Amino acid sequence: MIRYRMLIDGQRTEAVGGGWFPVYDPSTEEIIAEAPKAGPADVDRAAKAARAAFDSGAWPQTTAQERGRLLFRLAEKIRNESAHLAELETRNTGKPIVEAEFDIADTATCFEYYGGLATKVLGHVNPVPDNALSLSLREPVGVAGQIIPWNYPLLMAAWKLAPALAAGCTCVLKPAEQTPLTALEMAGYFEEVGFPAGVVNIITGFGEEAGAPMVTHPAIDKIAFTGSAAVGKNILRNAAESIKRVTLELGGKSPNIFFADADFEAAVDGALFGVFINQGEVCSAGSRILVERPIYSKFIEALAEKSKAIRLGAPLDRETKMGPLVSKEQYERVREYQEIGKQEARLISGGGRPSSFAKGYYVEPTVFADVDNSTRIAREEVFGPVAAVIPFEGESEAIRIANDTPYGLAAAVWSRDIFRALRVVKSVRAGIVWVNHMQPTYVEAPWGGYKQSGFGRELGPWGIEEYLETKQVHINLNEQPIGWY
Ligand code: NAI
Ligand code: MG
């Protein structure tokens, strides 16, 4: 049994309590490794190491050039190891290897992007009226506690670590308990490429035992979280005690809107890609497919036919288009939504477990038609390959349904009418809107939600902002006493 170790203060380490937890391959349901089961004492060690690396100046006082260079070196190391990392990611998540390869390439690109951005953080000269020089300095927030999910394990680690490190923050990262392996593999790269000890700490464990203590730890200044809305709310409440900075990315129930004039083939293709990529385990999944009445019946027919043809298979098989869900827990959750959907709407494809797999957390790509937007399958995030198709009549109804959700992460609109498409773009309350596409995103562009999808923006220059404080500096140029008293 391979045992991976955590990274605390530059040391590869086990948990203080000596516990380990199993890590699975969801396609075989077999244990493939063990990871240390961190608890509050480990959080304390990691937070203090990060604090010391920050307060001693070991990281924030390195030059921006040096931080940038180290991030470039890390990116290069990841590229060199990309075949190994992609395979490990696929074995641990169940996602198709071809998708994992994209994730690892994006991971390296993210570190490179912020390696470049490290030297572009600018302050301001403020145009104050008195005889003074007024400056705004940008300084790192301090110690960042970063809690991430299991759907894009290494990429999410990069989205969190890269901007924080570029800004001069030190980090305590906790991967999801389902998928700790690639982050623990990467843990070995930091020392190799030259990061000082304590700058990056990676601890593994469960939410209550290892995540929650990060949120209340006095040595941590900020919590960045991606995951469920329920845990996000809990984090926000618990962070209040120590006034931690918080950013949250909490997923959604994103509308993918199809007008009758859209290119039909591209539209059906985009609906499938929007909701089924990565087994539907995507925060921005286009899980509500809104279709205009004139094309509705033809559209659902094509969707049903094409989703039945999606090739499920072994994740390491390059022909596989959909793997198993990440865990037994997620499998059971999605299976339950398949049953809920059968009560609430009309099942037109999938709806169960594929019969061809004896083992593995596989579910069929599932499409429900004639869904009412008030039902649970239209309102609750499933986080699996389950689509809810909702008919609409005209633009204003499409916008009303699209916005009738507590979430606001993403949306897409498909139409050849640019006026209408752009009106929809402006009317939909979401942090990301695609036109005639859904899902591609780039490190250069902002990512984050409106409404209960959270707040704060990741990636691009916005991503580094979330790890910076602003300090006002007032320099008096008048040598005379104030003479007030
Ligand atoms: P979760 O929100 O429980 O887990 C995400 C991360 O938070 C993990 O690292 C976990 O250990 C940590 N965590 C859990 N409880 C915590 C606590 N009390 N304090 C601090 N950290 C804590 O998500 P879970 O249970 O894996 O999935 C449940 C649902 O959440 C999914 O079905 C999906 O709807 C949603 N989700 C959304 C994601 C997104 O990208 N926005 C990603 C993963 C899940
Ligand atoms: Mg949970």
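Hey, could you check the range 136-153 for residues that are part of a strand (DSSP E or B) and not small (Gly, Ala, Ser) and say which is farthest from ligand 2 (Cβ to nearest atom)? Steps first, answer last, please.
As a first pass, look at the range 136-153 and keep what is part of a strand (DSSP E or B): 136-140, 143-147.
Adding the requirement that they be not small (Gly, Ala, Ser) leaves 137-140, 143, 146-147.
Numbers: Leu137: 39, Arg138: 35, Glu139: 34, Pro140: 30, Val143: 24, Gln146: 17, Ile147: 11 Å.
Ranking the qualifying residues of the range 136-153, first place goes to Leu137.
Six or more apart or on different chains, Cβ under 7 Å: which pairs go from a residue in the range 181-193 that's more than 12 Å from Ala157 (Cα to Cα) to one that's of a type in the set (Gly, Ala, Ser) and open to solvent by 10 Å² or more (accessible area, probe 1.4 Å)? Could you list them? As it stands, the answer is Glu191/Gly10, since those pairs meet every condition given.
Here's the yes/no breakdown for (1) farther than 22 Å from Glu191 by Cα; (2) out of contact with any strand residue (DSSP E or B) (no Cβ under 8 Å at 6 or more places or on another chain):
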{"position": "Pro22", "(1), (2)": "yes, no"}
{"position": "Ser27", "(1), (2)": "yes, yes"}
{"position": "Ala46", "(1), (2)": "no, no"}
{"position": "Gly57", "(1), (2)": "no, yes"}
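Checking Ile300, Ile277 one by one, the residue that is open to solvent by 10 Å² or more (accessible area, probe 1.4 Å), farther than 26 Å from Thr441 by Cβ and either out of contact with any Lys or Arg (no Cβ under 8 Å at 6 or more places or on another chain) or away from ligand 1 (no atom under 16 Å from the Cβ) (or both) is Ile300 and no other. Within 16 Å of ligand 2 (Cβ to nearest atom), touching an Asp or Glu at 6+ places or on another chain (Cβ under 8 Å), in a helix (DSSP H, G or I) and under 27 Å from Glu34 (Cα atoms) - does that describe any residue in the range 275-294? Looking through the range 275-294, none of the residues is within 16 Å of ligand 2 (Cβ to nearest atom), touching an Asp or Glu at 6+ places or on another chain (Cβ under 8 Å), in a helix (DSSP H, G or I) and under 27 Å from Glu34 (Cα atoms).
Please enumerate the residues belonging to the range 216-230 that are buried (at least 18 other Cβ atoms within 10 Å of the Cβ) and within 14 Å of ligand 2 (Cβ to nearest atom). Within the range 216-230, Phe225, Thr226, Gly227, Ala229 qualify. Considering every residue within the range 194-204, establish whether at least one is within 13 Å of ligand 2 (Cβ to nearest atom), aliphatic (A, V, I, L, M) and open to solvent by 20 Å² or more (accessible area, probe 1.4 Å). Among the residues of the range 194-204, not one is within 13 Å of ligand 2 (Cβ to nearest atom), aliphatic (A, V, I, L, M) and open to solvent by 20 Å² or more (accessible area, probe 1.4 Å), which makes the answer no. Exactly one residue among Ala50, Ala64, Ala41 is open to solvent by less than 20 Å² (accessible area, probe 1.4 Å) and among the hydrophobic types (A, V, I, L, M, F, W, C), and that residue is Ala50. Within the range 359-397, track down each residue that is hydrophobic (A, V, I, L, M, F, W, C) and within 16 Å of ligand 1 (Cβ to nearest atom). Hits for the range 359-397 are Val363, Ile377, Ala378, Val382, Phe383, Val386, Ala387, Ala388. Inspection of the range 231-240 finds a residue satisfying the criterion of being more than 16 Å from ligand 2 (Cβ to nearest atom), more than 22 Å from the chain's Cα centre (by Cα) and either crowded, with 17+ Cβ neighbours inside 10 Å or modelled with pLDDT of 95 or more (or both).
Within the range 381-403, one or more residues are open to solvent by 40 Å² or more (accessible area, probe 1.4 Å), over 24 Å from Pro324 (Cα atoms) and in a loop (DSSP other than H, G, I, E, B). Elements of the type strands (runs of 3 or more DSSP E) sitting completely within the range 406-477 and holding at least 3 residues that are open to solvent by less than 20 Å² (accessible area, probe 1.4 Å) and closer than 28 Å to Tyr113 by Cβ: these cover 410-414. In the range 255-265, the count of residues that are more than 16 Å from ligand 2 (Cβ to nearest atom), closer than 30 Å to Ala302 by Cα and without any contact (Cβ under 8 Å) to a residue 24 or more places away in the chain is one or more. Taken over the range 303-333, the criterion of being assigned to a helix (DSSP H, G or I), away from ligand 2 (no atom under 16 Å from the Cβ) and either touching a Leu at 6+ places or on another chain (Cβ under 7 Å) or open to solvent by less than 20 Å² (accessible area, probe 1.4 Å) (or both) is satisfied by Leu303, Ala304, Lys306, Ser307. Does Val443 satisfy the condition of being at negative phi and assigned by TED's automatic domain parsing to the domain that holds Ala267? In short, no.
The values are calculated or read from the model by the stated rules, or taken from the named source; none is laboratory data. It should be emphasised that the depicted structure is a prediction, and the values quoted were computed from it without experimental measurement. Note: ideal-geometry Cβ built from the backbone for every residue, glycine included; neighbour counts use all protein chains shown. These accessible areas exclude ligands, DNA and RNA; they are computed on the full protein's heavy atoms, side chains included. Shrake-Rupley method; radii C 1.70, N 1.55, O 1.52, S 1.80 Å.
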